[in-house]
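No value in this document is a laboratory result; all are computed from the given coordinates. Nothing here was measured: the structure is a model prediction, and the numbers come from that model. Here the Cβ positions follow ideal geometry from the backbone for every residue, glycine too, while neighbour counts run over all protein chains shown.
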Amino acid sequence: MNGVRAAYGHGMGPWLAARDVDVLALQEVRAPTEILEELLGDEWNILHDTATAAGRAGVALASRGKAEIHRVELGDEKFDSAGRWLEADYRVGDSIVTVVSTYVHSGNVEDPKKMIEKYKFLDAMTKRLPEMTEHSPLAVVVGDLNVAHREIDLKNWRGNRNQAGFLVKERAYFDKFFAPEGKNVACVDGKTRRGMGWVDVGRQWAGEVEGPYTWWSARGQAFANDTGWRLDYHVATPGLAALAQSYTVDRAATYDERWSDHAPVVVDYSIN
């Protein structure tokens with residue numbers, strides 16, 4: 001959101017009021033919990049994990065019904081994931097649906113320390129995903145994962161091969177996430193890894209087409225020309241992915257109507 005206050009100042013409120021969502025996952029809240037509660041209103045049950053540094057990152061889950069339990073731990077005790085990983089269990093009928101709102105580090109090839117933190121986070125995700133599958137067959141990780149998995153996930157892929165967000169080492173994690181469970185696959189970095197069986201719902205729904213992009217640089221005419229990146233995902237267990245009924249990127253009609261440099265990704269799941 002680039003800050004919930006800024007998002008609401010530019011039109012997030014009317015979008016949300018018209019969208020009729022049951023669970024809302026937010027990233028880069030960049031505000032205290034009381035501000036988030038004030039802006040969203042009393043009709044939402046809000047979970048919010050703030051970043052260690054004030055005014056940075058921050059992830060939230062807002063829902064019509066209350067979560068049964070939530071967790072923020074990711075990785076070992078020395079790893080600081082505060083404000084970047086929030087998972088909650090929601091009861092839907094007889095099922096437990098686990099939803100994660102996550103904000104993966106963007107990384108920077110000119111700052112090795114930032115890339116180290118990004119890889120630590122992706123390593124922690126790799127360890128956590130199988131644990132989530134054991135916990136519930138209906139689970140989804142949503143948010144800004146800050147990696148364009150394949151060439152069709154960003155418009156100018158040739159010019160960004162050496163940039164954070166499209167490095168082969170980053171993309172190889174996603175090869176592993178989305179490969180069939182237990183199958184050895186050749187990843188984009190040339191190494192063979194065993195697939196984890198999770199599903200990229202956006203790619204499953206859109207098929208083998210460019211995009212649909214979810215983020216556009218503020219430089220030049222990137223938004224007007226739809227020169228974007230697909231950085232925002234629904235990473236779902238096969239059981240939940242099979243229940244997806246629709247997938248939409250709510251791209252604003254014009255640059256001036258955007259309330260973030262990211263567009264919301266909305267998926268309807270039919271869960272009995």
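Placing unit charges on C-beta atoms (Lys and Arg positive, Asp and Glu negative, everything else neutral), compute the dipole magnitude of the range 158-272 about its Cα centre in debye, rounded to 20.
Around 640 debye, computed over the range 158-272.
Pairs of alpha-carbon atoms within less than 8 angstrom and 6+ residues apart define the contacts here; what relative contact order does the chain have, in percent? Walk me through the numbers on the way to the answer.
On the way: 565 pairs, mean separation 41.8, N = 272.
For the chain, the relative contact order is 15 percent.
With a 10 Å cut-off between alpha carbons and a GNM built on the chain, which of Thr133, Thr52, Thr214 moves the most?
Answer for the Gaussian network model of the chain: Thr52.
For Leu138, Leu243, Leu47, what ranking results if the residue with the fewest other Cβ atoms within 10 Å of its Cβ goes first?
Final ranking by Cβ density, sparse to dense: Leu243, Leu47, Leu138.
Using only alpha carbon pairs under 8 Å that are at least six residues apart, calculate the relative contact order of the range 103-209 and give it in whole percent. Write out the running numbers ahead of the final one.
Values: 125 pairs, mean separation 21.8, N = 107.
Here the relative contact order equals 20 percent.
What number of lysine-lysine pairs in the range 65-253 show an alpha-carbon separation below 12 angstrom, given a sequence spacing of 8 or more or placement on distinct chains? The partial results should precede the final answer.
Values: Lys78/Lys120; Lys118/Lys169; Lys127/Lys176; Lys169/Lys191; Lys176/Lys191.
Going through the range 65-253 pair by pair, I get 5.
Give the calculated FRET efficiency between Thr192 and Asp111 to the nearest 0.05, with a Förster radius of 30 Å applied to their Cβ-Cβ distance.
For R0 = 30 Å, the calculated efficiency reads 0.50.
Tell me the mean residue ellipticity at 222 nm calculated for the chain from its helices only (DSSP H runs of n ≥ 4, each -39500 (n - 2.57), averaged over every residue, nearest 500).
Value at 222 nm, helices only, nearest 500: -7000 deg cm²/dmol.
Going by Cα centres, the range 156-185 and the range 211-232 are how many Å apart?
19
On each of the three principal axes of the Cα atoms of the chain, give max minus min coordinate, whole Å, ordered largest first.
51, 47, 39
For the charge dipole of the range 1-106, defined by +1 on Lys and Arg C-beta atoms and -1 on Asp and Glu C-beta atoms about the Cα centroid, which residue among Ala25, Leu86, His10 has the Cα displaced farthest towards the positive pole?
Value computed over the given set: His10.
For the range 47-84, state which trypsin sites (Lys or Arg not before Pro) are in a DSSP loop and have at most 13 other beta carbons lying within 10 Å of their beta carbon. List each step's numbers first, then the result.
Numbers: sites: Arg56, Arg64, Lys66, Arg71, Lys78, Arg84; in loops: Arg56, Arg64, Lys66, Lys78, Arg84.
Loop-located and lightly packed - Arg64, Lys66, Lys78.
Rank the residues Val21, Val104 as a footprinting-exposure proxy: fewest other Cβ atoms within 10 Å of their Cβ go first.
Val21, Val104
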